[in-house]
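A.B. asks: Let me give you the structure first, and then I'll get to my questions.
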Amino acid sequence: SLSFGNVIITDSDSGSGTLDVIMNNEFDVAGFEFRISGLVITDAYGGSSEANGFEVSSGNAVVIGFSFSGATIPPGNMTLVTLEFTNASDELCFSNAVLSSPDATGYEVDYSDCFSGTPGCMDESACNYDADATVDNGSCAYEYDCANECGGSAEEDCAGECNGSALID
């Protein structure tokens, strides 16, 4: 099966970030291909595919992985690959997945439900923690400024006034 792992939105304006694709396989996998709708994949790396010497190619919404040497990914439940992406929509869905055996026959592939997340700060120690967030968007702030704004940029001037305009003479 394929499922969504850790999803991090690093720039909510461009919809860019990273996500882990988790593969749960009972048998050796000699190659894979899948599509994810709702984003543009810009890079694919790491995970059990890299650890087992697979070549991984990605583009647009497609990821393909295989080994020139005939290596396989052994049974397990782990990150298959990490994807970098842009233009993420509110819902990401797997489709057209193929996992192949060492003798080039396909396995039946189940997918997790589509992923739809609420971006926000997921670190409970941050002053702007969002209990409803399901996707970390990198917005966590940990300090209040002098105007008591979490993550704000207000500073005291030389006269001790918050966001004042006094200058040292």
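A.B. asks: Please count how many residues of the stretch 1-51 are open to solvent by 30 Å² or more (accessible area, probe 1.4 Å) and in a helix (DSSP H, G or I).
C.D. replies: Of the residues in that region, 3 qualify.
A.B. asks: For the stretch 52-79, name all the residues that are in contact (Cβ under 8 Å) with a residue 24 or more places away in the chain, among the hydroxyl-bearing types (Ser, Thr, Tyr) and open to solvent by 30 Å² or more (accessible area, probe 1.4 Å).
C.D. replies: Ser58, Thr72, Thr79
A.B. asks: What residue, of Glu124, Glu84, is of a type in the set (Asp, Glu) and not in a loop (DSSP other than H, G, I, E, B)? Before the answer, list the steps.
C.D. replies: Working: Glu124 fails: not in a loop (DSSP other than H, G, I, E, B).
Unique residue meeting the criteria: Glu84.
A.B. asks: Against the condition closer than 23 Å to Asn137 by Cβ, in contact (Cβ under 8 Å) with a residue 40 or more places away in the chain and out of contact with any Leu (no Cβ under 8 Å at 6 or more places or on another chain), how does Thr18 come out, does it pass? Full working, then the answer.
C.D. replies: Working: closer than 23 Å to Asn137 by Cβ: yes; in contact (Cβ under 8 Å) with a residue 40 or more places away in the chain: yes; out of contact with any Leu (no Cβ under 8 Å at 6 or more places or on another chain): no.
Against the criterion (closer than 23 Å to Asn137 by Cβ, in contact (Cβ under 8 Å) with a residue 40 or more places away in the chain and out of contact with any Leu (no Cβ under 8 Å at 6 or more places or on another chain)), Thr18 does not qualify.
A.B. asks: Here's a check for you: in the stretch 98-141, which residue that is open to solvent by 80 Å² or more (accessible area, probe 1.4 Å) and closer than 19 Å to Phe4 by Cβ is farthest from the chain's Cα centre (by Cα)?
C.D. replies: For the stretch 98-141, the residue satisfying everything is Asp110.
A.B. asks: Mind listing whichever residues of the stretch 91-115 are without any contact (Cβ under 8 Å) to a residue 60 or more places away in the chain and closer than 12 Å to Asn25 by Cα?
C.D. replies: Scanning the stretch 91-115 gives a single hit, Glu108.
A.B. asks: Next question, about the same structure. Restricting to the stretch 1-60, name every residue that is among the acidic types (Asp, Glu) and within 15 Å of the chain's Cα centre (by Cα).
C.D. replies: Asp11, Asp20, Asp43
A.B. asks: Return the pairs, sorted by first residue and then second, in which the second residue is among the hydroxyl-bearing types (Ser, Thr, Tyr) and surrounded by 12 or more Cβ atoms within 10 Å (Cβ to Cβ), the first residue lies in the stretch 131-153 and is outside any loop (DSSP other than H, G, I, E, B), the beta carbons are less than 6 Å apart, and the residues are 6+ apart or on different chains.
C.D. replies: Cys150/Tyr144
A.B. asks: Shifting gears a bit: Would you point out which residue out of Glu84, Glu124, Glu108 is touching a Ser or Thr at 6+ places or on another chain (Cβ under 8 Å) and among the acidic types (Asp, Glu)? I'd like the intermediate steps shown before the answer.
C.D. replies: Details: Glu124 fails: touching a Ser or Thr at 6+ places or on another chain (Cβ under 8 Å); Glu108 fails: touching a Ser or Thr at 6+ places or on another chain (Cβ under 8 Å).
Criteria check complete, one pass: Glu84.
The values are calculated or read from the model by the stated rules, or taken from the named source; none is laboratory data. What you see is a predicted model; the values in this text were computed from it and never measured. As a convention, Cβ positions derive from the backbone with ideal geometry for all residues, glycine included, and neighbour counts pool all protein chains shown. Quick note on the areas: whole protein, heavy atoms, side chains included, nothing else; ligands and nucleic acids left out. Shrake-Rupley method; radii C 1.70, N 1.55, O 1.52, S 1.80 Å.
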